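Let me begin by presenting the structure, written as structure tokens, before commenting on it.
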Amino acid sequence: MNKKQNRVIIIWFLIMIFGITAANLMKPEREFSERENRVLEQKPDLAVRYFFSGAYSVDYEQYITDQFIQRDNWIGVRTVLERVQLRQEIKDIYFAGDGYLIEKHTGTFGTDTAERNISCLADFMKEYLPIYGEEHITAMVVPNAVKVLEEKLPPYASPYDEGIYLRQIEEALPNGTWVDTLEVLKEHSDEELYYRTDHHFKTLAAYYIFDEWGKMAGLKPLDLADFEVKTVSDEFLGTLESKVGGRFSGDSIQVFIPKEEYRYTLKYSNSEAVKHNLYEMSALETKDKYGIFFGGNHPFVEASIENGSMRKLLVIKDSYAHCFLPFAFLDFSEVDFVDLRYYNESLRGLMEKKEYTDVLFLYNAAGFAKDVNLGKLRN
């Protein structure tokens, strides 16, 4: 290679480096990534103590990463390159069989938080079981796809066995309060229970665990034949796809419409609006199409249903419960749900005021193990 060619390569290299740097400086900062459904890092303040502590450099690095020009496209390019090298795992996500992206949840279940959360839930159930009685206070911690869909994992995959953690929770709870959702979902593992590109389970899986829980709670759940199953979107690309990028087929989202419907009234604690529909159809026009279920996460929602029931249900939950809740609307005249990640009032005070007949705790396993807010169960 002669000097002229070397000079051309160096010039192009410098143009790329300084061009990208200039483009990053000139482009406006983004506050939120719709694709990743999260707030992006903003430029940190340059304070002397902050700078010399080392925290500034860490935050600034994350800021550059989040604000990098064409960030979404670069994520996809990197995934394609790594897939060409036959990588079966990227960013703690397996490229599994049948087109599934399955999160590994490395380091989630062996932490102090994971152990403490078992204690918090156990204390809560032991305190309130005498008040509500058997069949009226129950807990479900739903396994993630990495456990239920084990047969789809790549060869030599070795994730943590969530079943061990679920057994620890069961052993800590009072007899008769635990619902074994792992066995229920394993029985139907040949069906489409989880989204291929998202961390949530699908409405069909929610129906199966509702059926199991409902019978345990003394209800008479409807058969699948009593619902009209509507596919409201087949273009859903979820949180796992956002992490790895690349080209993936969209997931389908179903809602189950009972043949006999009732009038609903929903009040959201973070809004003055009163709504009469269960589904936020406008969410289907956004990246976060899972928001069709109640518009996403809210601190507290009060739902009244004109169905003649005398029972009132409180659900303490994460977002796995969102596609489960509409099934409960058929058997309870009131279904309130609390998300402890955002709810900052007294849970004890709420339970004393509202006089619920039933209480259900519903989380996914990884979310339960990581949630630093479960101490609120004691408030």
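With N counted as the residues of segment 167-275, its alpha-carbon radius of gyration over 2.2 N^0.38 Å works out to 1.32.
Can you tell me how segment 293-379 classifies by the Cα gyration tensor, rounded, prolate or oblate, using a/c under 1.5 as the rounded cut? Oblate. Using the structure shown, list the pairs from 317/354; 104/147; 243/370; 289/370 with a Cα-Cα distance above 21 Å, or answer none. Result: 289/370 exceed 21 Å. For residue 376, the aspartates and glutamates whose Cα falls under 12 Å of its own Cα, not counting residues fewer than eight places away in the same chain, are 123, 339, 345.
Annotation: the residues 180, 318, sorted from fewest to most other C-beta atoms within 10 Å of their own C-beta, follow the order 180, 318. Overall, the anisotropy analysis places segment 225-292 in the oblate class: the square-rooted eigenvalues a ≥ b ≥ c of its C-alpha gyration tensor yield a/c not less than 1.5, with a/b not exceeding b/c. Of 252, 304, the sequence from fewest to most neighbouring Cβ atoms within 10 angstrom is 252, 304.
Does segment 105-378 come out rounded, prolate or oblate by the C-alpha gyration tensor, with a ≥ b ≥ c the root eigenvalues, rounded set by a/c under 1.5 and, if not, prolate when a/b is larger than b/c and oblate if not? Rounded, since a/c falls under 1.5.
No value in this document is a laboratory result; all are computed from the given coordinates. From a predicted model like this one, the values you see are computed outputs, not experimental measurements. With ideal geometry, Cβ positions are generated from the backbone for all residues, glycine too; neighbour counts draw on all protein chains shown.
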